[in-house]
There are 4 protein chains.
Amino acid sequence: MKVLGVLGSPHKTGGSASLLLAALKGAEFVGAKTELVSVYDGEITPCKGCIQDEEPDCKFPCVFEDYGKELLLKIREADGLIFSTPIYWFAPSGKLKLLIDRMTCLENMVAFGEPSYVEGKVFGAIAVGADAGGPWVGGYLITTLTCMGAIIPPWGIAYSHKGDDAIHDDKALLDAINVGLLVAKMIKVIKGEKEDLTFLDDKKLMQKIREEILKELERS
Amino acid sequence: MKVLGVLGSPHKTGGSASLLLAALKGAEFVGAKTELVSVYDGEITPCKGCIQDEEPDCKFPCVFEDYGKELLLKIREADGLIFSTPIYWFAPSGKLKLLIDRMTCLENMVAFGEPSYVEGKVFGAIAVGADAGGPWVGGYLITTLTCMGAIIPPWGIAYSHKGDDAIHDDKALLDAINVGLLVAKMIKVIKGEKEDLTFLDDKKLMQKIREEILKELERS
Amino acid sequence: MKVLGVLGSPHKTGGSASLLLAALKGAEFVGAKTELVSVYDGEITPCKGCIQDEEPDCKFPCVFEDYGKELLLKIREADGLIFSTPIYWFAPSGKLKLLIDRMTCLENMVAFGEPSYVEGKVFGAIAVGADAGGPWVGGYLITTLTCMGAIIPPWGIAYSHKGDDAIHDDKALLDAINVGLLVAKMIKVIKGEKEDLTFLDDKKLMQKIREEILKELERS
Amino acid sequence: MKVLGVLGSPHKTGGSASLLLAALKGAEFVGAKTELVSVYDGEITPCKGCIQDEEPDCKFPCVFEDYGKELLLKIREADGLIFSTPIYWFAPSGKLKLLIDRMTCLENMVAFGEPSYVEGKVFGAIAVGADAGGPWVGGYLITTLTCMGAIIPPWGIAYSHKGDDAIHDDKALLDAINVGLLVAKMIKVIKGEKEDLTFLDDKKLMQKIREEILKELERS
């Protein structure tokens, strides 16, 4: 069971990064193998919109040979996906949007007689800003992903408006842990395992995860 | 396995009604018991926002004794929910929004030491208009429901911009059938049954369901 | 120059009410005559969607004889409109949405060879909640109103996530005052007067308006 | 009076391009000088989010020396802005979003004791896709721009779901022409000229503009 965390922020130790770490720890807590990648760690060529062409190239893994392709390959392999983005003007960062646009090639497999390559993956979203916009960004992300065929677990969105201080936003931190936890549990349920899909209101676990993350961020 | 269809339209034979019927037939196709209710069939008192009070009354099944309460009771009983709304200014109809506001009492059980009464239910959304706005309305509805604890199955949104003619909008009709089908299958998966959660691209089934609905609408 | 404030909240002294009062004081500061009405002060019959009928009744002032009609008449008379709503599930209150649906008859005058009766009015939006969702609600409102023909002045949205305490949310209060101020100034500009359409960062005025509102709320 | 059209599409002759041309011709019709630029014509470095830093570099014209800076300079010079984007997953293209993120430096002048450099500009939005999503994208864009201080004229949004065929979508074409026309007229009104800010329902003008655009697209 693999859960991929995709960070949409230029800041590796900021609010969206720390809540993504929390979500991944939540997923690990129920047995998931996790990996964190950042859209800022390489070049993502903007989608050229070839899906409109008569003979479209829009087929996994896309024609562009770049870092974006590496991410698409990782997305293809994952059972669960968690996107965590800073809120830039009530929306995901432009760089994360570049990746989302490129994910069209995963969904567009339906045009080639195959199911969408996102179908059946479990998806959760995290959005962190210094002002507002969390529900809009989270809502945007889950809307896009369900339209690619992903499953949204209960409580599939977490958000904070505390910026870099999101790790100290109790509600948001607990929500983010649950995003990871419920993405992982939902994967298990789909694979036939028994799991209750309920929000885990565990303040002790939250505190433990917060301390781990603060230590990790300090080191980096 | 009960799936409740909630119609947000004043028109019992219009586009959002016919696609809701299609979704419920999709759910029945995989064994669900279904029921269709309309928000227009009785009084729904507007939420008085008592959740802000010091000692809030905001507890299931709400203080108001009206048709809204009947619907809340039905929602509480259902394993799956499908909301189908006309698109009024890029949003659900005001009357459906009254019900959504009242659903706060289901979610707010968390304030009384219980889980949200929406948690773990499976939810799908349908939106039909004569111009545009489908993804916004559908996205709005799934965002709200995931934040109440519902699960969104793959392809959890269907929409058409053909108005009363939505039943003849092939893509939308097939999507609506799949909303019902996948809501029902997801319920089964959660209950431990084996089901593949894939989009069913079955044009024959679609045609059969369309004819059934056209006959039913004619009769009514 | 008339500016109408429409309150979407059941609470006459809550956050959305107090920020609406602030906006109206902003409008008065530059010479507007203002009035505040609440959607909760009477019955608003849900739109019956007759715009889809072959011979639609959807014509100002709507066929329903109710409080909703009174509000539509007031909207028709106003040069400027400010809607202030509590955030109920990332959207305006259901009751305010009932009014918005009914406003279709103002816009639909285009189907009768007249301009939209909202065209050229100046519109601003305020949204107040206890958690999040402000930009989504504000954005929804201005989108709907521009599609009815309204003008949005600079800084046309204000929001707070402090609930009943919004009056003490400095940024939100200043934004709300400016919504009113800029709605009124924009009306003047359209009428041919000279006004600079800039954000007024006047902390003293803000403090004065806050104190006035607190006194008024105490009395009520 | 300068109106800048910003194209968010990789296709110079597609639906969003042709409706943008129509809008600019609408603006020229009332005397504006227009220019069309495409975000795809050069490198736009992703925003590094330095606004969160203790001593932020986030000041016009941004620290990056790239094509994005050229566009920011042009935006700074313009009296009116029209963004036209293909609908990629219910949102502007990632490349256009990169530019929007970078526009933070224009708005963030408020942190340096100046007004936002977007304040008072007049803004209109166009969105074109092959399926749906127009109002969401248009609504997103005007929300962002009003929060930077821009003015939205009446009927500030146009959209089509006819993809490359948008130029033959009568309603969308007329709406797009009016976006340009009303952006330009609003600029005039702000400058003290008399103009009526009404939708121009002129089918002949529409046909003339369509033919001009079809000829221009053929040549290119």
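Being at the interface with chain B (Cβ under 9 Å from one of its Cβ atoms), touching a strand residue (DSSP E or B) at 6+ places or on another chain (Cβ under 9 Å) and in a strand (DSSP E or B), is that true of even one residue in the stretch A:159-172? Checked against the condition, which is being at the interface with chain B (Cβ under 9 Å from one of its Cβ atoms), touching a strand residue (DSSP E or B) at 6+ places or on another chain (Cβ under 9 Å) and in a strand (DSSP E or B), the stretch A:159-172 yields no hits at all. In the stretch C:41-70, the residues that are within 10 Å of chain B (Cβ to nearest Cβ) and aliphatic (A, V, I, L, M) reach residues that are in a loop (DSSP other than H, G, I, E, B) and surrounded by fewer than 19 Cβ atoms within 10 Å (Cβ to Cβ) with C-beta atoms within less than 7 angstrom, at least six apart or across chains, in these pairs: C:Ile44/C:Asp66. Among the residues examined, A:Gly149 qualifies as surrounded by 24 or more Cβ atoms within 10 Å (Cβ to Cβ) and of a type outside the set (Val, Ile, Thr).
For the stretch D:35-44, the tally of residues that are surrounded by 17 or more Cβ atoms within 10 Å (Cβ to Cβ) and touching a Lys or Arg at 6+ places or on another chain (Cβ under 9 Å) stands at 5. If you check B:Ala91, B:Ala32 for being out of contact with any Pro (no Cβ under 9 Å at 6 or more places or on another chain) and modelled with pLDDT of 95 or more, only one passes: B:Ala32.
If I filter the stretch C:105-114 down to residues being more than 15 Å from C:Thr143 (Cβ to Cβ) and either among the acidic types (Asp, Glu) or not in a loop (DSSP other than H, G, I, E, B) (or both), which single residue comes out as nearest to the other protein chains (Cβ to nearest Cβ)? Of everything passing the filter in the stretch C:105-114, C:Val110 is nearest to the other protein chains (Cβ to nearest Cβ). Pairs linking a residue in the stretch A:76-99 that is away from every other protein chain (no Cβ under 11 Å) to a residue that is among the acidic types (Asp, Glu), with Cβ atoms under 9 Å and 6 or more positions apart or on different chains, are A:Ala78/A:Glu35. Hey, can you tell me all the residues within the stretch D:25-40 that are within 14 Å of D:Leu71 (Cβ to Cβ) and either within 14 Å of another protein chain (Cβ to nearest Cβ) or assigned to a loop (DSSP other than H, G, I, E, B) (or both)? Matches in the stretch D:25-40: D:Ser38, D:Val39, D:Tyr40.
A single member of D:Ala125, D:Ala158, D:Ala130, D:Ala150 is among the small types (Gly, Ala, Ser) and under 10 Å from D:Gly15 (Cα atoms), and it is D:Ala130. Residues of the stretch B:1-24 that are away from every other protein chain (no Cβ under 14 Å) and either part of a loop (DSSP other than H, G, I, E, B) or within 14 Å of B:Glu218 (Cα to Cα) (or both): B:Met1, B:Leu21. Among the residues of the stretch D:40-99, those identified as among the small types (Gly, Ala, Ser) and under 23 Å from D:Lys121 (Cα atoms) are D:Gly68, D:Ala78, D:Gly80, D:Ser84, D:Ala91, D:Ser93.
Listed by first and then second residue, the pairs with beta-carbon distance under 6 Å, at least 6 apart or on different chains, first residue in the stretch A:135-148 and more than 7 Å from every other protein chain (Cβ to nearest Cβ), second in a helix (DSSP H, G or I), are A:Met148/A:Glu107. Applying the criterion of being assigned to a helix (DSSP H, G or I) and loosely packed, with under 12 Cβ neighbours inside 10 Å to the residues of the stretch C:189-206, the residue that is nearest to the other protein chains (Cβ to nearest Cβ) is C:Lys203. Out of curiosity, is B:Cys58 within 28 Å of C:Gly163 (Cβ to Cβ) and touching a Ser or Thr at 6+ places or on another chain (Cβ under 9 Å)? Criteria met by B:Cys58. For A:Val179, indicate whether it is under 13 Å from the mean Cα position of the chain (by Cα), touching a residue at least 12 places away in the same chain (Cβ under 8 Å) and farther than 25 Å from B:Val137 by Cβ. Here the answer is no, as A:Val179 does not meet what is asked. Residues being among the basic types (Lys, Arg) and touching a strand residue (DSSP E or B) at 6+ places or on another chain (Cβ under 8 Å) are entirely absent from the stretch C:196-203.
Say whether the condition of being part of a helix (DSSP H, G or I), touching a Phe, Trp or Tyr at 6+ places or on another chain (Cβ under 6 Å) and buried (at least 24 other Cβ atoms within 10 Å of the Cβ) is met by at least one residue in the stretch D:115-135. Yes, the conditions are met somewhere in the stretch D:115-135.
The values are calculated or read from the model by the stated rules, or taken from the named source; none is laboratory data. What you are looking at is a predicted structure, and each value in this text was computed from that prediction instead of being measured. So basically every Cβ, Gly included, is an ideal-geometry build from the backbone, and we count neighbours across all protein chains shown.
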